[in-house]
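Coordinate-derived values only; no laboratory data. Only a predicted model underlies this, so the values are computations on that prediction, with no experimental measurement involved. Every residue, glycine among them, receives a Cβ derived from its backbone with ideal geometry; neighbour counts consider all protein chains shown.
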Amino acid sequence: MFYKKIADKISQQGFVVVKDFLAQTDIHSRLIQSLSGAVKFSDGVIKSIPSEQMCSIRQRIEDIIPGLAEELRLSIALSRFGYCAIRIDQSSSAPVLRKPFNFHQDPKVAPGGVLNWHLDHYSYYLNRDHTNWLICYVPIFKPARHLANLAIVPKDVVKHHAPHLHQQIEGRGAMRFRCAEADTLEWFKLRFPDQSIKVGDWFAIDDYDDASPGFKLNIDLEAHKVVPELEVGDLLIMRADVIHRTNDAGSDRISVRCDAIPSNAPRLDTWRGLVWLSLQYPFMGSKRKYNVGKWLRNEWAQRLK
């Protein structure tokens with residue numbers, strides 16, 4: 001009954017919140033200390049987490065994944081999970097305009113580690129399967145439940161208000177969703193030269209397919225978002241093809257993330273897998289190559305230390 005109730009919500013909305021999933025004793029104080037000053041990768045996540053401080057959290061999460069995957073009929077690799085951490089630094093500063101504009105990069109970047117509307121990129125660049133993928137996300141440091149949360153556009157809301165968008169993002173990743181503003185209009189015209197664009201228009205930006213810059217939306221994501229208020233120890237489980245963003249940087253926040261990955265995902269954690277991906281790199285499209293190159297350089301540097 002526990003798994004069915006959770007699975008039903010994920011199937012309908014794309015996400016579910018499990019309150020009080022972790023006990024305070026599951027969260028190691030040294031884990032918070034080490035993540036407070038840890039270096040972030042270019043996508044804003046902390047990739048290196050001390051394993052000895054994660055034992056209890058790992059056990060709790062990995063105990064529920066098999067039953068949930070079975071209920072959802074997902075093909076999940078139950079012997080290997082991906083872990084990272086996400087740190088938000090409190091900030092009230094306005095987003096910074098980045099000029100000269102770059103076709104690949106957002107025209108604005110928010111302070112504090114805040115990410116705008118998206119479907120995750122690197123997981124899709126490396127595996128190309130966001131159907132058999134669950135994201136488990138739990139705050140381990142968070143002063144206030146109403147601050148530094150995630151904003152989500154539920155699957156059923158997208159399906160009802162924007163059927164075309166729902167169809168296009170099913171199982172997808174490597175996409176951003178942006179609204180044209182007065183100071184970013186030039187960037188949108190660079191990205192979509194054949195479109196008539198005005199301030200307030202929303203676009204899906206395809207960061208994977210070289211043949212498509214993306215497409216115009218007929219939905220205002222901000223008008224349809226929900227923001228679950230998470231406390232320390234609450235677990236958010238979300239399909240990887242659910243549109244989401246950081247809602248705010250109103251306070252500091254550290255969260256641990258576990259990725260339950262597809263059973264057929266390549267073993268990129270091995271030398272063989274790393275070499276295999278490196279050999280594939282020259283034959284990738286330009287959008288994928290732009291980002292996978294960063295990942296490969298970081299991985300080779302870390303493993304050759």
> By the scheme Lys and Arg +1, Asp and Glu -1, what is the net charge of all other residues having a beta-carbon under 10 Å from that of ALA38?
Replying inline: +3
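For LYS99 and LEU268, what does the FRET efficiency come to when R0 = 45 Å and r is the distance between their Cβ atoms, rounded to the nearest 0.05? Please list the in-between numbers first.
On the way: r = 35 Å, r/R0 = 0.78.
Computed FRET efficiency for LYS99 and LEU268: 0.80.
Would you mind getting me the FRET efficiency between TYR290 and VAL109? Use the beta-carbon distance for r and R0 = 22 Å, nearest 0.05. Each step should come with its number before you reach the end.
On the way: r = 17 Å, r/R0 = 0.76.
Result of the calculation: an efficiency of 0.85.
Charges at C-beta only: +1 for Lys and Arg, -1 for Asp and Glu. How large is the resulting dipole of the chain about its Cα centre, in Debye rounded to 20?
On the way: 41 positive and 35 negative charges, 136 e Å.
Here the size comes out at about 660 debye.
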> Separation between the ARG80 and VAL199 pseudo-spin-labels, each 7 Å from Cα along Cα→Cβ, expressed in nm?
Replying inline: 5.0
> Under a plain spin-label model, where a point goes 7 Å from the Cα along Cα-to-Cβ, how far apart in nm are VAL226 and ASN298?
Replying inline: 3.1
> Under the definition of Cα pairs under 8 Å and six or more residues apart, what whole-number percent is the relative contact order of region 205-305?
Replying inline: 34
> By the scheme Lys and Arg +1, Asp and Glu -1, what is the net charge of all other residues having a beta-carbon under 10 Å from that of PRO213?
Replying inline: -3
>> Once you order the gyration tensor axes a ≥ b ≥ c over the Cα atoms, which shape class does region 48-118 get: rounded for a/c under 1.5, otherwise prolate or oblate by comparing a/b with b/c?
In response: prolate
> Going through region 19-108, which trypsin sites (Lys or Arg not before Pro) have at most 16 other Cβ atoms within 10 Å and a DSSP loop state?
Replying inline: LYS19, LYS40, ARG73, ARG98
> Relative to the present Cα-Cα distance, how much length would full extension add between ARG58 and VAL17 at 0.36 nm per residue of separation?
Replying inline: 13.0 nm
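What order do you get for HIS130, HIS118 when you list them from fewest to most C-beta neighbours inside 10 Å?
HIS118, HIS130
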> How about LYS216: which lysines have a C-alpha closer than 23 Å to its C-alpha, ignoring those fewer than 8 places off in the same chain?
Replying inline: LYS108, LYS155, LYS159, LYS189, LYS198, LYS225, LYS287
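Rounded to the nearest 0.05, what FRET efficiency do MET1 and GLN167 have when you use their Cβ-Cβ distance and R0 = 35 Å?
Working: r = 32 Å, r/R0 = 0.92.
Efficiency at R0 = 35 Å is approximately 0.60.
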> For region 259-289 and region 168-222, what is the separation of their C-alpha centers, rounded to whole Å?
Replying inline: 27
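How about region 170-223: which trypsin sites (Lys or Arg not before Pro) there are in a DSSP loop, with at most 10 other Cβ atoms within 10 Å of their Cβ?
Working: sites: ARG172, ARG176, ARG178, LYS189, ARG191, LYS198, LYS216; in loops: ARG172, LYS198.
Sparse-neighbourhood loop trypsin sites (Lys or Arg not before Pro): LYS198.
I need to check one value: relative contact order of the chain, counting alpha carbon pairs closer than 8 Å and at least 6 residues apart, in percent. Kindly include the intermediate steps, with their values, before the conclusion.
Working: 559 pairs, mean separation 90.5, N = 305.
Relative CO of the chain lands at 30 percent.
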